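Taking it in order: structure first as structure tokens, then the write-up.
The values are calculated or read from the model by the stated rules, or taken from the named source; none is laboratory data. Source: prediction; values computed, not measured. In this analysis, Cβ positions are derived from the backbone assuming ideal geometry, glycine residues included, and neighbour counts consider all displayed protein chains. The area values use the complete protein model at the heavy-atom level, side chains included, leaving out ligands, DNA and RNA. Shrake-Rupley method; radii C 1.70, N 1.55, O 1.52, S 1.80 Å.
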Amino acid sequence: MKKKLNIFLPVIQALFLSFIVFLSLNHISCKVSSEGIQVLSGDYESPELQSVCVKSDSEIAVNFSEAVKVCGISLCEATDMQDMTSIEYLSKRPASMPLCVVPSSDGKSFVCNLSVPTQIGRKYILFGQIEDENGNSLTFTAPVTGYNSRAAAVVFSEIQDKSTVLGGCEFIELYVLEPGNLAGLVISSANDGEEFDVSLPPVEVNAKEFVVVHLRNTGDGCINEIGDELDLSTAPGSSAGRDIWINNTENRLGATQDVILLYDENAGLVKDAFLYSRSTKIEWTKPVYSISAEKACENGIWSEGSGFENVFMLNGSSVQGIFVRTNLEQLEFMAETGTLDKNCIPVCKNDWKRISASYVTPGYAK
């Protein structure tokens, strides 16, 4: 009997191996893990974090792609985040701000209600962990800027896209129509890209004040004037107004075309815009220009529309583009009489003019 078994053993082994090969070559609706667990189907994708929006100084809304359950959430000042590696550790830190979570009816979003309000312009980090109904989890961090409940009403008033002797390097001048704080305001150039967006500091400004944002730092004398002293900056191009210097040494703004936006990070709205191009161009040369031009019109800011025929055209052969807004007195009168809608101050190409380098005047009334 043993002899017969020995004869058939190789045959049995061969059939068993053939069966294993057959299974490996023919896909079935299951998978065997190293622990022998069969997984037939399931959702293995984590929920997508779609947005974090600061609604007020005590409310932060967080939105996801699907219904989620909050496993942990905490808000800390950004300076306290260097050694944070887990939500458990973060939640025990004294710097964590107490909050409660209120989910939406569909479970796709929730609001963090803070018992201690955030401070205007201060930087925070929201650290959270959530999971969906299938147990797929997501751990995330998101930067949060303290809500500005007293946003100043400001507009672009002068723009220089090339260096000059009098005006120094590239700058964007703002004019304050109504007093308040600059926190949450962002200057964006389509030519430079989002990575070079300029977030204005949390500075208190007064009506009729000029703020000159220098887009290049030239070294000595480039001192930010964020307090009451407005004569600290001594570098070439320093203005008679408030000087803010960006930590950058490269060229900024488009030499032939650009779309420059001023938007409110808190409200998510464009507040001002300037669109320009050399007259030798017949259309936007990059898709990003068209996209930014559309954004300029979303809130009715660039009032004549995003069509290329509505941009400010640079005529002539001069390599410099220095632009001055011409309707500041009218806007100032509207602000003084209470007729200014600071959420939507329309502007068009006819509200601007081009000047020569010898007339550049950062920080002065035009």
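Side notes on the structure shown:
- Residue-level check: of (1) touching a residue at least 24 places away in the same chain (Cβ under 8 Å); (2) at negative phi; (3) assigned to a loop (DSSP other than H, G, I, E, B), ASP228 misses just (1).
- Checking the stated criteria, SER292 turns out to be in contact with a strand residue (DSSP E or B) (Cβ under 6 Å, 6 or more places away or on another chain), modelled with pLDDT of 95 or more and at negative phi.
- Residue match in region 206-223 (condition: in contact (Cβ under 8 Å) with a residue 60 or more places away in the chain and surrounded by fewer than 20 Cβ atoms within 10 Å (Cβ to Cβ)): yes
- Apart from one condition, PRO362 fits all of (1) at pLDDT below 95; (2) surrounded by fewer than 17 Cβ atoms within 10 Å (Cβ to Cβ); the exception is (2).
- Hits in region 132-168 - residues which are open to solvent by 50 Å² or more (accessible area, probe 1.4 Å) and among the acidic types (Asp, Glu): GLU133
- Qualifying residue in region 328-335 (condition: in a loop (DSSP other than H, G, I, E, B) and in contact with a strand residue (DSSP E or B) (Cβ under 6 Å, 6 or more places away or on another chain)): no
- Search result, residues across region 24-54 that are open to solvent by 80 Å² or more (accessible area, probe 1.4 Å), at pLDDT 90 or above and part of a strand (DSSP E or B): GLN50
- Annotation note: Cβ proximity below 7 Å between a residue of region 325-347 that is on the phi < 0 side of the Ramachandran plot and a residue that is among the polar types (S, T, N, Q) (sequence gap 6+ or interchain) occurs for ARG325/SER157; LEU328/SER157; CYS344/ASN299; PRO346/SER303; VAL347/SER303.
Yes or no, residue by residue, for (1) within 30 Å of PHE308 (Cβ to Cβ); (2) at pLDDT below 95; (3) outside any loop (DSSP other than H, G, I, E, B):
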site	(1), (2), (3)
ARG216	yes, yes, no
PRO236	no, yes, no
ILE244	no, no, yes
ASN248	yes, yes, no
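- Whichever residue in region 163-193 is among the acidic types (Asp, Glu) and over 19 Å from the mean Cα position of the chain (by Cα) and, among such residues, is nearest to PHE333 (Cα to Cα): GLU178
- Among the numbered conditions (1) in contact (Cβ under 8 Å) with a residue 40 or more places away in the chain; (2) open to solvent by less than 60 Å² (accessible area, probe 1.4 Å), the only one that GLU265 does not meet is (2).
- Only one of the listed residues (PRO236, PRO202) is farther than 26 Å from ASP57 by Cα, touching a strand residue (DSSP E or B) at 6+ places or on another chain (Cβ under 8 Å) and open to solvent by 20 Å² or more (accessible area, probe 1.4 Å). That residue is PRO236.
- Hey, SER317 under 24 Å from GLY254 (Cβ atoms) and part of a loop (DSSP other than H, G, I, E, B) or not: yes
- The residue of region 188-206 that is nearest to GLU265 (Cα to Cα), among those that are part of a loop (DSSP other than H, G, I, E, B) and charged (D, E, K, R), is ASP197.
- Qualifying residues in region 279-334 (those that are aromatic (Phe, Trp, Tyr) and in contact with a Lys or Arg (Cβ under 9 Å, 6 or more places away or on another chain)) - the one surrounded by the most Cβ atoms within 10 Å (Cβ to Cβ): TRP302
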